[in-house]
Amino acid sequence: MEGNKVGMLKTEVKNRMNTEKKVAVAVISIVLILLALGMGYYGYRLDLIEEQVFDVPWGLDVVGYTFFALMATGSSIVNSVYTIFGYKGPNGEYKKIIKYGVWFSLSTIFSAWLLVLLGIYKPFDFYYILLFFRMSSRIAWMAAFYSFFGLMLVIELFYMILVESWDLLKKIKYLELAIAILVLIATIAVHSNLGEVFGSLISMPAWYGPWLALYFIMSAIMLGAAGQSLFIYVVKHKDNNLKAFMSRYYSEVYLISIPVYLMYLTWIIVSAWYSRETVWPVYQTLLFGSEAPIFWGIEIVIGLFIPVALAVYGYMKKSSWAAITAAVLLIIGGFMSKYSLIILPQELRPYVWLTLQISHYSYFPPTGLIMMFIGAWILWPSLYALGALIFPLEEGEKPKHLWIFK
Amino acid sequence: MSQSTPYQGFKNTEPCSRWGMVIKVDQCMGCDACVAACTLENQTPFWNELWRTHVEDYELGDYPNSQRVFLPRLCMQCENPPCYYVCPTGATQIVDGGIVVVDEYKCIGCQYCVEACPFGARYMYTYEDIQKAKEYYGNNTIHVVPHVDKCTFCYDTAPDNTYTPACVRTCVGGARVFGCLDDPNSEVSILFNTGQAVEINPELGVGSKVRYVFGRQQGRYVKNGGEE
């Protein structure tokens, strides 16, 4: 009798501690989200009065936006392995993490949206894009596809939560698959269009061409898998079986995507060699010039080769630390490669005007942009943590409040 | 005498569906009068060294076959303007006369057009620039909200019924010729149609309506720095 009471007391104390811990995390998350938004807005205001970097109109804000957008959409492609292609893991482990994966995609896209909104000069006139939509503009389509992508992710997440308690949804045949296919269509549309935002510019020979959309898709899969594996690992680090599954699964994704990405990268460089005289100087600087240490050191060795080795080890030994380290390195390399891709062609900007002209502008982001950028990075984990606390994302977990909340 | 009379000599008094400009490079002496006129006419942010038109100074070739060339640059007023097609809000518009202009109220400042222009003819007119313009021009400022700015052939500011940009009106050496490309007898049409006026970077396929005549330098001018 006494022992029973002590046991109940222990459980109650443990539950209360858990609740207190969750409340603390929720409060910290909300504070950090507000801080991120505040920093972003302050950075935007600062950017208005700071000296403009006219030579590089698309700076750190666009790099950060591209990075987060690729990670969010790439995560969505990784999710489709479960939602469309039906892979559930050897013992159905994937069921335990899929809702976290969908929430990761949705929460990550907000960081991209924050940066792209604050990066334009008049963010409060953003709705003009939809009001005066110009069909030939890639950015106009970007806005349309992002709206579609965000909406479909919300629908997918809500469906996954609601289906746990609404039997009616289970009865509608193929609804889950239809939603998943629409999410994948939105994802591919976003990628292809994002590639063409850069790739359709004849003024920027180093970007120009049809290959950028393919490059972005491969890069996105790597970044998406790396990002979601990190965040899900934080939530599920106590489940050893799941950790073993995740190590193997994500290592497998890296081992498939990294070689294909490398193939595209090689193809791009070889194409640049045979391309116009305005293209090669950019890649020459990247491969052999001032950017070579970053390219070979961070983007290739740290960002691709070491992750491959770690992924092989993680896959063979089901090693969590190897998979997690590979994810961190992939994110670092992935970010730097976007930085090089977007900034370097603007710094050099080779063009023929009577003779071949190459500018040599050295870009350093202004303080306002740095603040916006840090804001987006703070928003990224904070929003994810808050969602993980308020949405029922566990397998079989039913919503208790307002249809979708825990 | 009406206000526009002094400019009647340019003969650009009738509306036209395709305005064009020819720059006779050999007649440009690099005095920058056009830059000054444009700056005052259009209140461009000279404090940031940003211009709607400017003159570049080139030294081509190696001694003894070298030469110095002044090359005025401005928006090429393309027939197929990349800036127009990429603008997401329709702020970049093609108005009467085929002139590409920017509606500053519709421009959200995404700077996609700045990236898309192959001639680097666009720049951001910032909030700070507007404040600065107020210091210089008082209440007569023509830029009200931040936007991307570019040459408009003085579409908004040229005196009534003249259709002649400030740079053309000011050019000391008569290097800039402006006129209607629809009129086969206009000087620009003749220079365009006889092939004397050449398009810079025609492989871009944008169809520039601003072209260059290398005139008496033809034959002496060697494109690839000394070798034919």
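The values are calculated or read from the model by the stated rules, or taken from the named source; none is laboratory data. Bear in mind the structure is a predicted one, so any value in this text is a computation, not a measurement. In this analysis, Cβ positions are derived from the backbone assuming ideal geometry, glycine residues included, and neighbour counts consider all displayed protein chains. Just so you know, the surface numbers come from the protein's heavy atoms only, side chains and all, with ligands and any DNA or RNA stripped out. Shrake-Rupley method; radii C 1.70, N 1.55, O 1.52, S 1.80 Å.
Those helices (runs of 4 or more DSSP H) of region B:127-202 in which 1 or more residues are open to solvent by less than 20 Å² (accessible area, probe 1.4 Å), more than 26 Å from residue B:44 (Cα to Cα) and in contact (Cβ under 8 Å) with a residue 24 or more places away in the chain occupy B:187-193.
No other residue among B:72, B:118 is more than 9 Å from chain A (Cβ to nearest Cβ), crowded, with 21+ Cβ neighbours inside 10 Å, in contact (Cβ under 8 Å) with a residue 60 or more places away in the chain and not in a helix (DSSP H, G or I) apart from B:72. Within the set A:344, A:354, A:369, A:329, the sole residue that is without any contact (Cβ under 8 Å) to a residue 12 or more places away in the chain, farther than 23 Å from residue A:99 by Cα and open to solvent by less than 60 Å² (accessible area, probe 1.4 Å) turns out to be A:354. Elements of the type helices (runs of 4 or more DSSP H) sitting completely within region A:139-244 and holding at least 3 residues that are surrounded by fewer than 23 Cβ atoms within 10 Å (Cβ to Cβ), touching a residue at least 60 places away in the same chain (Cβ under 8 Å) and away from chain B (no Cβ under 14 Å): these cover A:175-199, A:211-235. For region A:121-138, a residue qualifies if it is aliphatic (A, V, I, L, M) and open to solvent by 30 Å² or more (accessible area, probe 1.4 Å), and the qualifying residues are A:130, A:131, A:135.
Please tell me if residue B:17 is within 14 Å of another protein chain (Cβ to nearest Cβ) and in contact with a Leu (Cβ under 9 Å, 6 or more places away or on another chain). Spelling it out, it is not the case that residue B:17 is within 14 Å of another protein chain (Cβ to nearest Cβ) and in contact with a Leu (Cβ under 9 Å, 6 or more places away or on another chain).
I'd like the full set of residues that are open to solvent by 70 Å² or more (accessible area, probe 1.4 Å) and assigned to a loop (DSSP other than H, G, I, E, B), limited to region A:84-101. Steps first, answer last, please.
Residues of region A:84-101 open to solvent by 70 Å² or more (accessible area, probe 1.4 Å): A:85, A:87-88, A:90-91, A:95.
Scanning region A:84-101 gives A:85, A:87, A:88, A:90, A:91.
From the list A:261, A:233, A:249, A:283, which one is touching a Lys or Arg at 6+ places or on another chain (Cβ under 8 Å) and within 27 Å of residue A:69 (Cβ to Cβ)? Among A:261, A:233, A:249, A:283, only A:233 is touching a Lys or Arg at 6+ places or on another chain (Cβ under 8 Å) and within 27 Å of residue A:69 (Cβ to Cβ). Restricting attention to region B:78-110 and to residues that are open to solvent by 20 Å² or more (accessible area, probe 1.4 Å) and under 15 Å from residue B:45 (Cβ atoms), the residue that is farthest from the other protein chains (Cβ to nearest Cβ) turns out to be B:102.
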